[in-house]
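All remarks here apply to the structure that follows.
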Amino acid sequence: MATTAPTGSPLSQPSLTHPPPPRKVTTVKALSESPGLSSIPSIYTFPKQTYHEPVSDTKEPIPTIDFSLLTSSHPGQRSKTIRELGKACRNWGFFMVTKHGVPERMMKAIIEVCREFFELPEEEKRGIGGKHVLDPIRFGTSFNESVDEILCWRDYVKIFQHPEFHSPKKPPSFREIALEYSKRVRLVAREIIRGISESLGLEKDYIDETLNLENGLQLIAANLYPPCPRPELAMGLPPHSDHGFLTLLIQNQIGGLQVQHKGKWVNIDPIPNSFLANIGDHIEILSNGKYKSVLHRAVVNNRDERISIAVPHGPALDAIVSPASKLVENVGNPPAYGAMKYKEYLELQQGTMLNGKSCLERIRNGD
């Protein structure tokens, strides 16, 4: 005969078991600078069959959008560029942005000051910011080191820039450089988002006004990928899509970004002084799947340190994103995605392990 554990006994309170203490993870920068490092710890080794598919040798160029034509006062030029923007979103989900008006000196300055940040002593970097995805300043390693089963060969700092501006205290020049850079980049992003809105057949300011881009989230995500002695085993970041509407990325002339296109991985080598733009999950939701966010990943090498600066732009944190009503009015085109507050989506995606587009799949409506 079964017996019931007395109330208050350890058997009746399994929920009180203590979780294992959090593991102490060193930064990849510190690990890569270990004397005589010729291999990598097993926790950085990704399963080969999952993440190391061959790279396509396609010569198909990634689309390029001339920003000066997107903002042209000549209606014909602007209309043609909006059509090209729509085609880029539909076919690639990624595109280069040239003639955007952000000075090259400013782009170089933000890369250099982020490099200076990563050069700070370990204890100083670890001492800044919080650990929650909505903390305005976060420094860490991998993607989410507290839950990642395999660690990424990457250190990062994420800093909210808008609607409230934040900056680490060091390096001293970070604040001024980041403030100027983020303002200029936000102007470019909002104009591209207006163009995307028009390309979908919506009003120019539909996304801007409906989802409160005036108070939309903008952050700087600076990534450091140190040289890796066994790059064929490690990953800078595994395949994933981005949250938000639009990410604008620059890097220090060292390649490493790969985009999934037509089922194959393609190396992306940005044009100097250009932005690499990609649409995020919330454009896929808003467009009801007409435009799809695209999987991309970061690979590493054994020679050069790569720094990339990604600046995602999303709606206001409390905005609820769902397919635009104009795009789902037809009976044959029901909403393919459920509505969700942007803040909740961000917590869901950024608070777990990086796993493709699994977060977006969770709000996809059934057939």
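Overview of results
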| read-out | value |
| --- | --- |
| Förster radius 22 Å - calculated FRET efficiency between THR98 and LEU179 (Cβ-Cβ, nearest 0.05) | 0.35 |
| Per-peptide average of other Cβ atoms within 10 Å, ordering 41-47, 288-294 highest first | 288-294, 41-47 |
| Nearest-0.05 FRET efficiency for GLU232 and ASN212, computed from C-beta distance (R0 30 Å) | 0.10 |
| LYS108 versus ASP318: modelled label distance in nm, points set 7 Å from Cα along the beta carbon direction | 4.4 |
| 24 Å Cα-Cα threshold exceeded, pairs from LYS108/LYS169; LYS99/LYS169; LYS108/LYS343; LYS108/LYS290; LYS131/LYS170 | LYS99/LYS169; LYS108/LYS343; LYS108/LYS290 |
| Segments 312-321, 30-39 sorted - mean Cβ within 10 Å per residue, highest first | 312-321, 30-39 |
| Rg and Dmax of segment 56-99, Cα atoms only, in Å | 11.5, 39 |
| Radius, Kirkwood style, for segment 204-278 when every pair of distinct Cα atoms is counted (Å) | 15.2 |
| Point-to-point label distance, ARG83-ARG126, nm (Cα→Cβ direction, 7 Å offset) | 5.8 |
| Rg/Rg_ref, segment 80-201, where Rg_ref = 2.2 N^0.38 Å and atoms are Cα | 1.28 |
| Label-to-label distance, nm, for residues given as ASN365 and ASP205 (7 Å Cα→Cβ offset) | 2.9 |
| Charge-dipole axis of segment 150-306 as Lys and Arg at +1 and Asp and Glu at -1 on Cβ define it, positive-most pick from SER241, LEU200, GLY280 | SER241 |
| Most to least packed among 120-127, 204-211, 278-285, 76-83 [average Cβ atoms within 10 Å] | 278-285, 204-211, 76-83, 120-127 |
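Since every read-out is calculated from the coordinates, none of them should be taken as a lab result. Note that the coordinates shown come from a computational prediction; the quantities given were computed from them, not determined experimentally. Using ideal geometry, Cβ is built from the backbone for each residue, glycine included, and neighbour counts are taken over all protein chains shown.
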